[in-house]
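Below you'll find the structure, written out as structure tokens, and then a few comments.
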Amino acid sequence: MKVLLVEPQKSRKYHTPYPPLGLLKLATYHRQRGDFVKLVNGISDDGFDPDIIYITSLFTYAWEPVHQVVRFYSNKYRKAKVIVGGIYASLCSDHLKQTFGDRIETHKGLIPEIEELLPDYSLIPEWKASILFSSRGCIRRCPFCSVPQLEPEFEAKKSIRHLIYPGHKKVILWDNNILGSPYWENIFDELEDSGLEIDFNQGLDARLLTEETALRLRRLRIPIVRLAYDSKGIKKSLKKAIGLLKDVGIDGRRIVVYCLYGYLDMPEDFLERIRDLITWGVVAYPMRYQPLEPCNKDSYVSPNWTREWLEMIAKARRVIGYGGAFPPYEGLERKISNARTFEEAFELRPPKT
Ligand code: SF4
């Protein structure tokens with residue numbers, strides 16, 4: 001059987017620095033069955049003539065590039081079975097079906113048969129990091145998050161050694177909440193034994209961070225610790241977690257805290273959270289809320305916000321931030337701490353003439 005794996009064309013609309021993990025696992029699955037596998041990005045017209053086509057998708061706002069490849073491949077290879085999976089296909093299968101009807105199949109959620117397979121990284125030899133999940137789902141149910149819908153059950157693995165590709169220099173964990181796993185210590189042992197650089201890419205749950213976790217984190221080669229401050233409700237636990245990390249010697253500039261805004265919060269509430277983070281000496285990384293339904297990126301404006309206020313944050317991130325974040329630099333700390341209002345904190349002075 002000939003299997004075509006399609007990642008939509010990478011572009012500003014379909015942006016990810018990571019390879020399509022699900023497709024790479026499907027490659028392993030089909031190769032183990034003796035099938036011939038090809039991976040492409042966007043439109044590729046070389047007469048491969050597949051029997052089956054898998055197309056992946058990303059966030060719901062990145063649906064147009066997905067439609068582009070579905071349209072092309074389903075028309076070009078009329079006899080091939082077309083299966084569309086990934087986040088957008090799982091959350092918005094009706095939206096896809098409205099356009100493509102029965103010509104395609106949508107796959108919602110995970111494919112259990114490929115969960116334990118090592119992705120076929122030989123298809124992307126330039127990529128040097130093993131991406132893996134030691135757990136799926138999350139023990140929490142935050143209303144703005146797609147995880148409870150995509151992975152409703154929390155399931156944890158006891159071991160991840162088999163998912164680290166020989167020769168890779170780094171391990172990226174995409175766990176939604178690894179500290180919620182009953183096997184986290186086992187997983188940390190394996191990560192430490194690997195001697196590789198570790199990235200808990202989706203962040204750690206500050207509410208579950210203890211003295212022991214902090215000490216175990218320090219033993220890993222982990223350049224950045226990521227946390228989240230999505231609502232003021234976790235202020236106390238977050239402050240404590242940051243203190244624990246600093247106590248074991250992790251510098252505040254290596255602690256990045258994601259800060260959701262434009263959801264149920266008010267601008268002053270966002271300012272308070274950014275002020276807390278900068279005062280605590282860590283890096284604040286604003287994350288604008290995006291609805292789970294298909295719509296263009298950054299088009300949603302919550303009733304508590306205005307387009308102008310949202311634009312102020314975007315501009316401030318570009319002009320006075322660094323890499324989109326607000327690090328605890330002295331000047332920035334002064335500006336944010338002294339500001340009496342949201343506008344004062346994020347307004348930019350006109351350039352000197
Ligand atoms: S803790 Fe994180 S992953 Fe879990 S539901 Fe909340 S936002 Fe989603």
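Quick notes on this one:
- All other residues whose Cβ lies under 11 angstrom from that of Leu260 are scored, Lys and Arg at +1 and Asp and Glu at -1, for a net of -1.
- Between Ala314 and Glu105, residue separation times 0.36 nm minus the direct Cα-Cα distance comes to 71.4 nm.
- Net length gained if the chain between Cys295 and Ser11 were fully extended (0.36 nm per residue, minus Cα distance): 100.6 nm
- Taking all protein chains as they are arranged and a probe of 1.4 Å, the heavy atoms of Met287 leave approximately 90 Å² accessible to solvent.
- Pairs exceeding 21 Å between alpha-carbon atoms, taken from Lys25/Lys108; Lys38/Lys79; Lys2/Lys79; Lys2/Lys25; Lys157/Lys232: Lys157/Lys232.
- Most to least accessible of Thr28, Thr210 (protein chains only, probe 1.4 Å): Thr210, Thr28
- Near-label residues of the stretch 310-334 by backbone N, under 20 Å of a point 7 Å along Cα→Cβ of Thr279: 326-334
- By the Cβ-Cβ criterion of under 4.7 Å, the unpaired cysteines of the chain are Cys92, Cys138, Cys259, Cys295.
- Our coupling estimate for the stretch 293-301, obtained by passing each phi through the Karplus curve with A = 6.51, B = -1.76, C = 1.60 and θ = phi - 60°, is 7, x, 6, 5, 4, 6, 9, 7, 10 Hz, Gly and Pro reported as x.
- Taking amide H as placed 1.01 Å from N in the peptide plane, Tyr183 has no amide H partner under 5 Å among residues 5 or more places away or on another chain.
- Nearest-ten-degree value, helix 307-319 long axis tilted from longest Cα axis of the chain: 90 degrees
- Given a 1.4 Å probe and the protein chains as shown, His162 ends up with an accessible area of around 80 Å².
- Charged-residue dipole, Cβ positions (Lys, Arg, Asp, Glu), the chain about Cα centre, Debye nearest 20: 620 debye
- Model label points for Tyr329 and Gln149, set 7 angstrom from Cα along the Cα-to-Cβ axis, are 3.8 nm apart.
- Helix 267-279 and the longest principal axis of the C-alpha atoms of the chain enclose an angle of approximately 80°.
- Rounded to the nearest 500, the helix-only mean residue ellipticity at 222 nm of the chain stands at -9500 deg cm²/dmol, with each DSSP H run of n ≥ 4 adding -39,500 (n - 2.57).
- Of the beta bridges in the chain, as assigned by DSSP with both residues counted there, near 10 percent are antiparallel.
- Per-residue Karplus couplings for the stretch 247-264, computed as 6.51 cos²θ - 1.76 cosθ + 1.60 with θ equal to phi - 60°, are listed in order as 4, 8, x, 8, 5, x, 6, 9, 10, 10, 10, 6, 10, 5, 8, x, 10, 9 Hz, Gly and Pro entered as x.
- Pairwise FRET efficiency - Lys240 versus Lys170, Cβ, R0 = 35 Å, nearest 0.05: 0.75
- Three-way shape label, the stretch 70-217, alpha-carbon gyration tensor, a/c 1.5: oblate
- Size of electric dipole in the stretch 9-127: Cβ of Lys, Arg +1 and of Asp, Glu -1, about Cα centre, debye, nearest 20: 340 debye
- Order by protection proxy (mean Cβ within 10 Å, highest first), peptides 296-306, 59-69: 59-69, 296-306
- Carbon/sulfur fraction of accessible area - the chain, other protein chains in place, 1.4 Å, %: 51 percent
- Whole-Hz couplings from phi, Karplus 6.51/-1.76/1.60, listed for the stretch 74-91; x for Gly and Pro: 6, 7, 6, 10, 5, 8, 6, 7, 10, 10, 10, x, x, 5, 4, 5, 6, 7
- If you plug the beta carbon distance of Glu212 and Thr341 into 1/(1 + (r/R0)^6) with R0 = 45 Å, you get a FRET efficiency near 0.60.
- Computed accessible area, Val319, all protein chains, 1.4 angstrom probe, square angstrom: 100 Å²
- Average accessible surface for the chain: 49 Å² per residue, computed with a 1.4 Å probe over protein heavy atoms with every protein chain in place.
The values are calculated or read from the model by the stated rules, or taken from the named source; none is laboratory data. Since the structure is predicted, the reported quantities are computational estimates derived from the model, not experimental observations. Using ideal geometry, Cβ is built from the backbone for each residue, glycine included, and neighbour counts are taken over all protein chains shown. Ligands, DNA and RNA are stripped out before the accessible areas are found, and what is left, the full protein with its side chains, is counted by its heavy atoms. Shrake-Rupley method; radii C 1.70, N 1.55, O 1.52, S 1.80 Å.
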